[in-house]
Amino acid sequence: MTTLDKQRRKKLQALVDKDFYYRSYYDDDVEVRSSGKCGHGVYAVRQFLPGELVMEVTGQLIPKKAYEGSEYVMDLDEKWYLEPSAPGAFMNHSCSPNCELIQLTELSLGVVAICNIEAESQITFDYAWEAFDWNPECQCGARNCRGWVVAEDEVKKMKRLAKGRKKGKDKKKKDR
Ligand SMILES: [Zn+2]
């Protein structure tokens with residue numbers, strides 16, 4: 001096997017990026033930007049009306065049996081997880097989201113606006129995570145913020161866990 005020299009690799013990589021854009025997803029209606037305190041986020045470039053499809057989320061499909069999921073993994077259906085590629089992977093949680101996820105095709109999810117979304121707004125959905133020891137504190141800033149990135153009906157359990165977590169931290173200083 002011949003190895004690629006640096007220049008040729010660069011040239012060929014440009015071809016790959018151009019024709020397959022694995023690394024730079026292209027969609028004129030949404031944009032990945034730095035969101036300050038929450039790392040990156042997806043932003044609307046134009047206005048979206050309620051019920052409008054904002055974007056399609058594709059990615060790697062992983063059987064649920066084989067995998068517990070990463071932080072970004074989404075439920076596709078009963079049997080499959082979807083590990084989203086950009087820009088879906090950059091969508092942040094909000095306790096007062098402007099979008100929800102639906103199963104769009106057999107292989108992809110759709111992000112659908114649930115209210116009017118003005119251009120320049122951040123696209124968010126409710127992660128609705130189960131309460132575990134590791135759920136991060138929520139930074140969404142919504143008036144009804146639950147305090148943690150957790151599903152609405154898991155808040156009670158989360159509060160219990162967070163209490164325990166704080167105690168554990170005080171004792172061991174670091175719990176993971
Ligand atoms: Zn919140």
Could you please find all residues in the stretch 148-168 being open to solvent by less than 30 Å² (accessible area, probe 1.4 Å) and either within 15 Å of the ligand (Cβ to nearest atom) or in a loop (DSSP other than H, G, I, E, B) (or both)? Val149, Val150, Ala151, Val155, Met158, Ala162
Residue count, the stretch 97-135, condition assigned to a strand (DSSP E or B) and either under 14 Å from Ala151 (Cα atoms) or of a type in the set (Ser, Thr, Tyr) (or both), comes to 3
Quick one: which residue in Val57, Val45, Val73 is touching a helix residue (DSSP H, G or I) at 6+ places or on another chain (Cβ under 6 Å) and more than 16 Å from the ligand (Cβ to nearest atom)? Val57
Among the residues of the stretch 134-176, which ones are in contact with a Gly (Cβ under 9 Å, 6 or more places away or on another chain) and at pLDDT 90 or above? Glu137, Cys138, Val155, Met158, Lys159
Any idea which of (1) surrounded by fewer than 18 Cβ atoms within 10 Å (Cβ to Cβ); (2) in the same structural domain as Met158 (by TED's automatic domain parsing) is the one Ile102 doesn't satisfy? (2)
Can you run down the residue pairs with Cβ atoms below 6 Å, 6 or more apart or on separate chains, where the first is in the stretch 131-147 and in contact (Cβ under 8 Å) with a residue 60 or more places away in the chain and near the ligand (Cβ under 9 Å from one of its atoms) and the partner is outside any loop (DSSP other than H, G, I, E, B) and among the charged types (D, E, K, R)? Gln139/Lys37
Restricting attention to the stretch 96-130, report how many residues are hydroxyl-bearing (Ser, Thr, Tyr) and away from the ligand (no atom under 12 Å from the Cβ). 3
Restricting the stretch 41-69 to residues that are surrounded by fewer than 16 Cβ atoms within 10 Å (Cβ to Cβ) and of a type in the set (Gly, Ala, Ser), the one nearest to Pro87 (Cα to Cα) turns out to be Gly69
Looking at the stretch 125-136, is at least one residue over 14 Å from the mean Cα position of the chain (by Cα) and surrounded by 14 or more Cβ atoms within 10 Å (Cβ to Cβ)? yes
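The values are calculated or read from the model by the stated rules, or taken from the named source; none is laboratory data. Predicted, not measured: the structure shown is a model, and the values here were computed from it. Neighbour counts are summed over all protein chains in view; Cβ atoms, including those assigned to glycine, are modelled from backbone coordinates with ideal geometry. Just so you know, the surface numbers come from the protein's heavy atoms only, side chains and all, with ligands and any DNA or RNA stripped out. Shrake-Rupley method; radii C 1.70, N 1.55, O 1.52, S 1.80 Å.
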